[in-house]
Amino acid sequence: MQLNDTDLIIQAQKGNQNAFEELVYRYDRNVLSIALKYSNNEDDAKDLYQEVFIRVYRGIKNFRFQSEFSTWLFRITTNVCLTYKSRSKEHLKVSIDKDFDDEEHEFNTTKELVYDGSTPEEISSGANLGEIVNAAVESLSPKQRMTFVLKHYEGYKIREIAEMLNCKEGTVKKYLFDATKNLRKKLSPVYA
Amino acid sequence: MKHNEYKQLLQLSLFGELKSEEQVKLKEHLLICEECRTELEDQKNLLELISGKKKAAVDEEVLSAARYQLRGALRSERSNQNIFNSVADSIFQFFPSPLKFAFAGAAILIIGVLIGGILFNQSSQNEFIGQQNGDNRFASLSEDISISEVRFIDSDASDGEVEFTFQASRPVHLKGNVNDSQIQSVLTYAMLNEQNPGSRLNSINAMDTETPTQYDSDVKNALITVIMTDENPGVRREALKLMNKFPYDEAMKQTLLYVITNDTVSGLRIEALIGLKD
Ligand SMILES: [Zn+2]
């Protein structure tokens, strides 16, 4: 018979390693998926994954069942992602416009997008379309990027995202609208 | 409803987040509004462009690599905890009783202070909770103890009580046989936690005798952790050498395989390859 989350958590709280691992393996695919899509980098994603579950390991003794385990876990996940500083900042250096202006938009300024010299033809040929899209998503502010990833790539409901980020649904919508606006601004030369 | 609000509804509809009555409203509006139809097309195109990685499932190889890394990290987390407890036990007996809390770098103290003085009670594991009860023990904080990282939990003294944490450390001099379990636990703690790579190296070398078989399994687990995680290649190499003196088992084999596939230093990869037995 399969144990439910609650049983596993109680066992894990008593120090049962197998129970903890089983609990991890129930959800770690989702955690890794968020980390991968948020960071766009496998090494960063593995670091994020590890950091999340080390925090879960340290915190599980104090888990008081006031929320679903998954909600708690994804809250940790989004938190870890949002505060994470990439080890490999250099892995993406491509942009579609060499002098973008971000006066009215909340772009993430720590990530500098550098024009890689592609001609418009190369860009529209799709040769590095994936990279361009990634760079555009990475240029979003961490919270815009996180809500966008959770909504668009991971398919969570706005209500669920609000729970994970511990904010109001209206705030999530605002992040999503801003994210879309910024992405359109960056990507319209490619798809329009 | 304003035009702009419809534009937001458009987006929510593409995300599948509209209530049915909103959906109806939007549909009606789209029939009469050219601009919103164009907007819808545009947003659809954008999402299509971006959805390249949408369906991509997590790569099984990346997942198992992440799980493997996590198991190593958890092992290190556990051995740190165990070692901490045994180091705490062995070191505490070197202190006169009110100073049981004090040793380098490891203990975080939570101390409640009332006007008048402090008393330290040792409590479980790495949290030491003390509460004042009238006895003046401040004098016990003798001169060779250094206090750092004072952080306030409650700095409002209006109720006569404040609460803060600080690190209290004191140099400890230990001398003894390397087969002594207390000496071993201190050395093991040092190889995992000492900031200075030279000290980590020395701790490993100090344990490098011909008879590591007598060592506790914590020592081997700590070595495995060092081999997999220490950033200093010299420290990793010494740990690898020492680990190879332990009786060969599955954990060692996994560690060697890890080094062969992951270590950035070719010399270490070769050494691991030599250590590998079938
Ligand atoms: Zn309209």
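The values are calculated or read from the model by the stated rules, or taken from the named source; none is laboratory data. Everything numeric here is computed off the predicted structure, so don't read it as measured data. Positions of Cβ are generated from backbone atoms using ideal geometry, with glycine treated the same way; all protein chains shown enter the neighbour counts. Side chains are part of the model used for accessible areas, which takes the heavy atoms of the whole protein and leaves out ligands, DNA and RNA. Shrake-Rupley method; radii C 1.70, N 1.55, O 1.52, S 1.80 Å.
Results, tabulated for the structure shown:
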| quantity | calculated |
| --- | --- |
| Flag if A:L129 is open to solvent by less than 60 Å² (accessible area, probe 1.4 Å), at pLDDT below 90 and within 12 Å of chain B (Cβ to nearest Cβ) | yes |
| Filtered residue count, the stretch A:48-75, keeping only those that are charged (D, E, K, R) and surrounded by 20 or more Cβ atoms within 10 Å (Cβ to Cβ) | 1 |
| Selection from the stretch B:1-21 of residues that are more than 10 Å from the ligand (Cβ to nearest atom) and more than 48 Å from the chain's Cα centre (by Cα) | B:E21 |
| Residue within the stretch A:62-72 that is farther than 30 Å from A:S141 by Cβ and within 10 Å of chain B (Cβ to nearest Cβ) present | no |
| Evaluation of B:N205 against (1) over 22 Å from the mean Cα position of the chain (by Cα); (2) over 21 Å from B:N80 (Cα atoms) (one fails), failing number | (2) |
| Failed criterion for A:C167 (all others in (1) more than 13 Å from the chain's Cα centre (by Cα); (2) part of a helix (DSSP H, G or I); (3) not hydroxyl-bearing (S, T, Y) hold) | (2) |
| Residue under evaluation A:Y38, criteria (1) open to solvent by 50 Å² or more (accessible area, probe 1.4 Å); (2) touching a residue at least 60 places away in the same chain (Cβ under 8 Å); (3) more than 11 Å from chain B (Cβ to nearest Cβ), criterion not met | (1) |
| Filtered residue count, the stretch A:138-164, keeping only those that are assigned to a helix (DSSP H, G or I), in contact (Cβ under 8 Å) with a residue 40 or more places away in the chain and in contact with a Phe, Trp or Tyr (Cβ under 7 Å, 6 or more places away or on another chain) | 6 |
| Condition check for B:V24: more than 12 Å from the ligand (Cβ to nearest atom) and open to solvent by less than 30 Å² (accessible area, probe 1.4 Å) | no |
| Qualifying positions in the stretch B:27-45 - without any contact (Cβ under 8 Å) to a residue 12 or more places away in the chain, basic (K, R) and more than 9 Å from the ligand (Cβ to nearest atom) | B:K27 |
